[in-house]
Amino acid sequence: MDLKDHIRSIPDFPKTGILFYDISTLLAHSDAWRVTLGRLARIVTKYQPDLLAGIESRGFLLSAALGSQLGLGVIMIRKKGKLPGSTISHEYVLEYGSDTIEIQRDAIKKGQRVFILDDLLATGGTMAASVELLHKVNAGVVGAACIIELNSLKGRNKLDIPFETLVSFDT
């Protein structure tokens, strides 16, 4: 199955000049969603993680579904102020400013093997920041995967971990 057939592109969203790749149509198609999860499960299994980390917000869908399927725990990497309890944060630079991501302080035990999931890799800023945040708590980040990679933005060049994707676009 060609998963690209189930991902729609929406021009000028969220602002003019951006071509947004929307996985809503993939999620709505049960066979395409099942195939997506199966392919990601094969990738994740190779790295033998203890936990999956989903990046807000579509990464939550992937990590929760795969965690259930593979018998793995799931943690959430969220924007600042969205998690209850004590958190550990990491601020990172964006093209126009900065942002902060967090995990709950007790989410990971030292040395646990963590695999990161998100729907799309563009510039790689949030994924690289997630790796740095997990390193702060002494997690062993074993790899990451996304459904979509935007090749022209060269986001994988910011990553110092194994990275895999299911489909890529050159625009």
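The values are calculated or read from the model by the stated rules, or taken from the named source; none is laboratory data. If you're wondering where the values come from, they're calculated on a predicted model, not measured in any experiment. Neighbour counts are summed over all protein chains in view; Cβ atoms, including those assigned to glycine, are modelled from backbone coordinates with ideal geometry. Only protein heavy atoms, including side chains, enter the accessible area calculation; ligands, DNA and RNA are left aside. Shrake-Rupley method; radii C 1.70, N 1.55, O 1.52, S 1.80 Å.
Just a few scattered comments:
- Taking 14 Å as the cut-off, the amide N atoms of the range 121-149 that come nearer than this to a point 7 Å along the Cα-to-beta-carbon line of LYS4 belong to 148-149.
- Cut-off under 5 Å, modelled amide H: who pairs with SER168 long-range: GLU149
- From the Kirkwood radius over Cα pairs of the chain, Stokes-Einstein at 37 °C and 0.692 mPa s returns a whole-number translational diffusion coefficient of 201 µm²/s.
- Cα centroid of the range 49-107 to Cα centroid of the range 152-171, whole Å: 19 Å
- HN-Hα J in Hz across the range 132-146 - Karplus 6.51, -1.76, 1.60, θ = phi - 60°, x for Gly and Pro: 4, 4, 5, 5, 4, 9, 6, 7, x, 7, 8, x, 8, 8, 9
- Value of relative contact order over the range 1-81, rounded to a whole percent, pairs C-alpha under 8 Å and six or more apart: 20 percent
- Rolling a 1.4 angstrom probe over the range 25-171 with all protein chains present gives an accessible area of which 49% lies on carbon and sulfur atoms.
- Computed from backbone phi, the HN-Hα couplings of the range 82-97 come to 9, 9, x, x, 6, 10, 10, 10, 9, 8, 9, 8, 9, 4, 10, x Hz, rounded to whole numbers (Karplus: 6.51 cos²θ - 1.76 cosθ + 1.60, θ = phi - 60°; Gly and Pro given as x).
- Residues of the range 20-118: accessible area per residue with a 1.4 Å probe, Å²: 52 Å²
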